[in-house]
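Following: one structure in structure tokens, then a few remarks.
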Amino acid sequence: NTILEDPQLPEAEKIIWDIYRAGADALIIQDMGILNLNLPPVLIHASTQCDNRTPEKIRFLEEAGFSQIVLARELSLEQIKAISKNTKTPLEVFIHGALCVCYSGQCYISRVLSNRSANRGECAQYCRMPYSLIDGAGKTISSNKYLLSLKDLNQSAHLEELLDAGVSSLKIEGRLKDLSYVKNITAYYRKKLDEIFERRPEYIPSSSGKCVFFFNPDPEKSFNRGFTNYFLKDRDPQMASPNTPKAIGEAIGNVKDLLHNHFTISGRKKIHNGDGLCFLNDKKELQGFRVNRVEENKIFPAEMPRMAQGITVYRNFDHEFEKSLQKKSSERKIKVNFELQENSFGFSLTVTDEDLFRATVATELKKEISLKPQQENIRIQLSKLGNTIFEFQDLKFSLSGNWFIPSSILSDMRRNGIDALLSMRKIALPGSFTKIPQTYHLYPETELNYTANVSNQKAKQFYMQHGVNSIEPALEIKMPQKPVLMQNKYCIRYQSGICPKKQGQTDNPKLPLSIITGNHQLQLSFNCKLCEMQIISGN
């Protein structure tokens, strides 16, 4: 999921084979040069870094042999539907987590300003830095705001619409996230999906079994900058987080009473010792503190902050919630049914799981009538599935008498039956995939500039064999004159309330607009027809 330079290709090829031999199902790639390496028969997914925005691009990738395509985050529901209608390849979309403000794969600001390429995994996070916005006359419109910092994506309210639009894979952004974040967010979406599947039997989960959770998942309790659905339902006017790039968390109430070492709030949510709270101070800067103790409705911070009466307080660390996630928080089990039968030399046990995989084992045993009823003991012994992935559901008896079967024999049959069932499931897993052949269909364009990110000869060869006759090297290889640093669907002009197209301002600021951070002044360019913004180096 990065672009490579020529000297790195042999090592990349070796790593790919090592990953394949380790049992990986698929590779996710950005660099088309990888397709011209000696690849094993492994599935290839097209990263969102490939800038997958149009039906034409998706069709090209499908014909090139990609088995799954990750769409650009900026696409609307209608655009996703249009793409789905024109491809048979499974589509994947982002549904939760941090948002890049730029089209993925089209961000060069970090490479140009600090020699750290986002296309090579070294992004310096310029979108999370403070900027001042000035107009063409030098007038400051806003000062020291996080103008490029977006809220986090949250499409939990639109999962069913995404499935109906043709999406079959859902991606949760998780870079540098901790264990509790992964547990909480995946559980939240798992429950949402299961609710949909209960109502919509035409949708089938790709996983087996059923999850049970030992906590109540809540995305507001994990790291987030506030939430947005981005462009899924037209442009979200509140997608940015200009006051802070940090986690704000859940609103818990407003400050009522202030004393020298404690305060009270109006909310009803329970506060715990050790919670992390925060608020926006009079400069609209995020200020945080730790709760030392709570007595009834009185909150005693470890160090009393300077805060005003009436302000909203947020919780960005819930101590008790985090503690609950340190324990076993979930369990996935696959239901199995047993059938105990007799045969000419003893007994056999058939184990069938909910996916209809089946295995039968037999044991030789002389048949003897028991003086005591045996069914309850047989049920108890066979239901002891312990730490296996299976959960006992039912037992059928196909016996002609009340035969005595020792508990040790029943345990052995259960264990051997489960082992055989696991082997059956493993055999049924997808085997070797067909190696992607060389293809020669036409790329949608015949000329490519640096934004195609062609950083090696194999990538150049790939595009030439698909009809491209003019190819500029990637910006990382050769710096173009005055490159576009960011290509954005997000627009600072609109976000600032000064969009002449959608907000009808009559006293629009003098163009061009620029943003300033540190020693860098960056010019903004607007394509109002496409409703897009570009950031260009201004110094």
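Some notes on this structure:
- The condition of being charged (D, E, K, R) and at pLDDT below 95 holds for only one of 458, 489, 478, 435, that being 435.
- Neighbours by Cβ (under 8 Å, 6+ apart or cross-chain): first from region 369-386, closer than 13 Å to residue 412 by Cα and free of Cβ contacts under 8 Å to residues at least 24 places away in the same chain; second hydrophobic (A, V, I, L, M, F, W, C) and open to solvent by 20 Å² or more (accessible area, probe 1.4 Å): 383/392
- Scanning region 84-108 for residues that are hydroxyl-bearing (Ser, Thr, Tyr) and either at positive phi or out of contact with any helix residue (DSSP H, G or I) (no Cβ under 6 Å at 6 or more places or on another chain) (or both) gives 84, 103, 108.
- Counted as qualifying within region 112-210 are the strands (runs of 3 or more DSSP E) with 3 or more residues that are of a type in the set (S, T, N, Q) and without any contact (Cβ under 8 Å) to a residue 60 or more places away in the chain, namely 140-145.
- On inspection, residue 78 fails the criterion of being surrounded by fewer than 16 Cβ atoms within 10 Å (Cβ to Cβ), part of a loop (DSSP other than H, G, I, E, B) and either under 25 Å from the mean Cα position of the chain (by Cα) or modelled with pLDDT under 95 (or both).
- Residue check, residue 326 open to solvent by 40 Å² or more (accessible area, probe 1.4 Å) and touching a residue at least 60 places away in the same chain (Cβ under 8 Å): yes
Residue by residue, here is whether (1) modelled with pLDDT under 95; (2) closer than 30 Å to residue 359 by Cβ holds:
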{"position": "263", "(1), (2)": "no, no"}
{"position": "273", "(1), (2)": "no, no"}
{"position": "276", "(1), (2)": "no, no"}
{"position": "281", "(1), (2)": "yes, no"}
{"position": "291", "(1), (2)": "no, no"}
{"position": "302", "(1), (2)": "yes, no"}
{"position": "315", "(1), (2)": "no, no"}
{"position": "320", "(1), (2)": "no, no"}
{"position": "334", "(1), (2)": "no, yes"}
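- Members of region 212-234 that are of a type outside the set (S, T, N, Q) and farther than 16 Å from residue 159 by Cβ: 212, 213, 214, 215, 218, 220, 221, 223, 225, 226, 231, 234
- Of the criteria (1) buried (at least 19 other Cβ atoms within 10 Å of the Cβ); (2) of a type outside the set (Gly, Ala, Ser); (3) in a strand (DSSP E or B), which one residue 28 fails: (1)
- Any hit, region 135-145, residues being in contact with a helix residue (DSSP H, G or I) (Cβ under 8 Å, 6 or more places away or on another chain) and open to solvent by less than 60 Å² (accessible area, probe 1.4 Å): no
- Selection of region 442-485 for residues being outside any strand (DSSP E or B) and either small (Gly, Ala, Ser) or on the phi > 0 side of the Ramachandran plot (or both) yields 452, 453, 455, 459, 467, 474, 482.
- Residue among 58, 83 that is assigned to a helix (DSSP H, G or I), more than 19 Å from residue 463 (Cβ to Cβ) and open to solvent by less than 10 Å² (accessible area, probe 1.4 Å): 83
- Candidates 399, 395, filtered to the one that is more than 21 Å from residue 43 (Cβ to Cβ), touching a residue at least 12 places away in the same chain (Cβ under 8 Å), surrounded by 12 or more Cβ atoms within 10 Å (Cβ to Cβ) and touching a helix residue (DSSP H, G or I) at 6+ places or on another chain (Cβ under 6 Å): 395
- Any strands (runs of 3 or more DSSP E) falling wholly within region 223-323 and containing at least 2 residues that are of a type in the set (Phe, Trp, Tyr) and closer than 22 Å to residue 182 by Cα: 312-317
- Residue list for region 348-368, filter: open to solvent by less than 80 Å² (accessible area, probe 1.4 Å) and within 40 Å of the chain's Cα centre (by Cα): 350, 351, 352, 353, 355, 357, 359
The values are calculated or read from the model by the stated rules, or taken from the named source; none is laboratory data. Please read all numbers here as calculations on a predicted model, not as lab measurements. Methodologically, a virtual Cβ is constructed for each residue, glycine included, from the backbone with ideal geometry; neighbour enumeration extends over all protein chains shown. Note: accessible area is taken over every heavy atom of the protein model, side chains too, but ligands, DNA and RNA are not part of it. Shrake-Rupley method; radii C 1.70, N 1.55, O 1.52, S 1.80 Å.
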